[in-house]
Structures are given as structure tokens and as C-alpha cells.
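Below you will find the structure I want to go over with you.
Every read-out reported here was derived from the displayed coordinates using simple, explicitly stated rules and does not represent laboratory data. A quick note: this is a predicted structure, and the numbers were derived from the prediction, not measured. Backbone-built Cβ (ideal geometry, glycine too); neighbour counts: all protein chains shown.
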Amino acid sequence: MTTLLEQYAALALDKQTTLERLTDTAAAWHVDQERGILTLGDNPFTIRWLGTYSHHSSSWLWAWANPHLVMTENDAASADILRAYIAPDAATDSDDSANLFQNPADTALLAQEGFGLDTAELHNLAAVACGLTGADAYYLGDYGDGIALLAIHDPRVATAWQEDDSLARVLSIIPQTISHFDLNHQNAVRAYLLAKGYQLNEDVQHIRAQRADSQITATFDDMRRLSNLSGNANPA
């Protein structure tokens, strides 16, 4: 079974790379919550507010459960998607992983008002929440007392991401993903290649992927860890 983290980690990292190419994500930021606009430096982006992390209590609170936040229709739409998500056998199918959303039972957290969370897990949460809601990227904004998770839904980001779909990009995102996230390499690579439009042919230790412009071969060891990755562009 592919977990939510494996399903969305590489895709989220891919989209974050696009956002970082378009703007300085370390620039000063401001949110107009009523209008649903995040401004990074001089660049505005349309966003949906997903939730906040509290430094004081080391806990997460979804936006829909925050009495101090007036949600827009778009905020509410994303909240409804997350709260309605039901994974097959999520309540009974679990493993020993303590890594957020690497355990299938963690899907229950999508409908839970709040829960304890380590800041190191914020990117896991962001990748999954933004993947499920179809966001174009995300922004984690530290406002002193906590960190806001803002899902970016902006046509400029979407267009830039779709245009930069090269083989070189795909081959660079895969090793970055397994470096940033603690997950099953083989499942994560499979999910990412499918999301990028590849047709797959697999055996126990290989994923061979092909689409019109390129082909990729990923090899895995007995622990399903990536041991080799190669790709070639198809003749035009």
C-alpha cells in the first residue's frame, strides 16, 4: 500500500522548486486573509489557509477548527476535501513508522481538529494536505507565535510548473525527495513517475518508465531503497 506521504512527497517538492524559481521564498511576507492573497516581497499569490502550528504547545490546528479565523469559501472548500478523505482500511492498516503520514492510520488526523506535532513534520503535513487539495505549491509562514500553512492556488505557478517538465528535472527531484523525506523509496518513485505522465513496467527491483519524450530506469535494493537512477531522452 502506498501511503499518503509516498503519494505526494515528490510531487510537492517538484512544485516547491517551481515556486522558488518564481519568487524569493525567504522574502518578507504578508497575508490578506479576507482576499486570500499572500505577498512574498512584491509578488502576490492566491492562497487558501489550511492551518497553523503553535510554537508554545507544539501542536497543529486546522483552519476550520480555529475560532479566531474567518474562512473564505476557498478555505472552506479545501477543508471539506481534507475532512472528507477516507483511506481504504486507514483505521486498521498500520505499520511501525512514527513518520507523519507514512503510517496509513494517520489519515484520521485530516478530520481531527488538532494534534501534537513536531516542526520537522510540517513538510510532511504540507505535502499531503496540498497534494490532496490540488494546490500548486505551499508556503510555511512563521509569524512569531506559530507557523501558518498556506496552500498556493495560482495560475502563474501552475503554468510555470507544467512548462518545466524536462527529464533533467524529474531525475533531480527523485534523489532530493528521498533525501528530504523518510519513506519507502520505491513507492514514492512510482507515484511520482505516474503523476508525471509515465507508463510503468515493473519487477521486484526495477521501475522502467516511459513517455513520449523520455525513458527512466530506477533500480532498488532488497530494502526497496533507490540504488541507481538513469534516464534518456527519446529522439525528437
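Mean residue ellipticity at 222 nm from the helices of the chain, using -39,500 (n - 2.57) per DSSP H segment of n ≥ 4 over the full residue count, to the nearest 500 deg cm²/dmol?
Values: 6 runs with 77 residues, N = 236.
Helices in the chain give a 222 nm mean residue ellipticity of -10500 deg cm²/dmol.
What shape does segment 134-236 take by its C-alpha gyration tensor, where a ≥ b ≥ c are the square roots of the eigenvalues and a/c under 1.5 counts as rounded, a/b above b/c as prolate, and the rest as oblate?
Details: a/c = 2.85, a/b = 1.47, b/c = 1.94.
Oblate.
Could you tell me which of rounded, prolate or oblate describes the chain, using a ≥ b ≥ c as the square roots of the eigenvalues of the alpha-carbon gyration tensor, with rounded for a/c under 1.5 and, failing that, prolate when a/b is larger than b/c and oblate otherwise? Working shown, then result.
Numbers: a/c = 2.12, a/b = 1.37, b/c = 1.55.
Judged from the Cα gyration tensor, the chain comes out oblate (a/c at least 1.5, b/c at or above a/b).
Ok, one more. Quick one: go through segment 180-202 and flag any residue whose amide nitrogen is under 20 Å from the point 7 Å out along the Cα-to-Cβ line of residue 1.
Only 182-192 pass the distance filter.
Give the angle, between 0 and 90 degrees and rounded to the nearest 10, that separates the Cα long axis of helix 122-133 from the longest principal axis of the Cα atoms of the chain.
That helix lies at roughly 80 degrees to the long axis.
Magnitude of the Cβ-charge dipole of segment 1-70, K/R +1 and D/E -1, about the Cα centre, nearest 20 debye?
Details: 4 positive and 7 negative charges, 28 e Å.
My answer is approximately 140 debye.
Something else about it: With unit charges on the beta carbons (Lys and Arg positive, Asp and Glu negative) and the dipole taken about the Cα centre of segment 165-233, which residue among 220, 167, 206 sits farthest to the positive side?
So the residue we want is 167.
So, with +1 on the Cβ of K and R and -1 on the Cβ of D and E, and no other charges, what is the size of the charge dipole of the chain about its Cα centre, to the nearest 20 debye? Let's see the in-between values first.
Values: 13 positive and 31 negative charges, 112 e Å.
Using Cβ point charges on Lys, Arg, Asp and Glu, the chain gives about 540 debye.
Here is a further query. Hey, what angle do you get for helix 73-84 against the long axis of the chain, alpha-carbon based, 0 to 90 degrees rounded to 10?
60
Still on this structure, please answer the following. Is the shape of segment 118-169 best called rounded, prolate or oblate, per the rule: a/c under 1.5 gives rounded, else a/b larger than b/c gives prolate, else oblate, with a ≥ b ≥ c the square roots of the Cα gyration tensor eigenvalues?
On the way: a/c = 2.37, a/b = 1.91, b/c = 1.24.
Prolate is the answer for segment 118-169, as a/c is 1.5 or above and a/b outweighs b/c.
Place +1 on the Cβ of every Lys and Arg and -1 on the Cβ of every Asp and Glu in the chain, take the dipole about the Cα centre, and give the residue among 188, 144, 41 whose Cα lies farthest towards its positive end.
188
Could you tell me how many degrees, from 0 to 90 and to the nearest 10, lie between the Cα long axis of helix 185-195 and the main elongation axis, the longest principal axis, of the Cα atoms of the chain?
80
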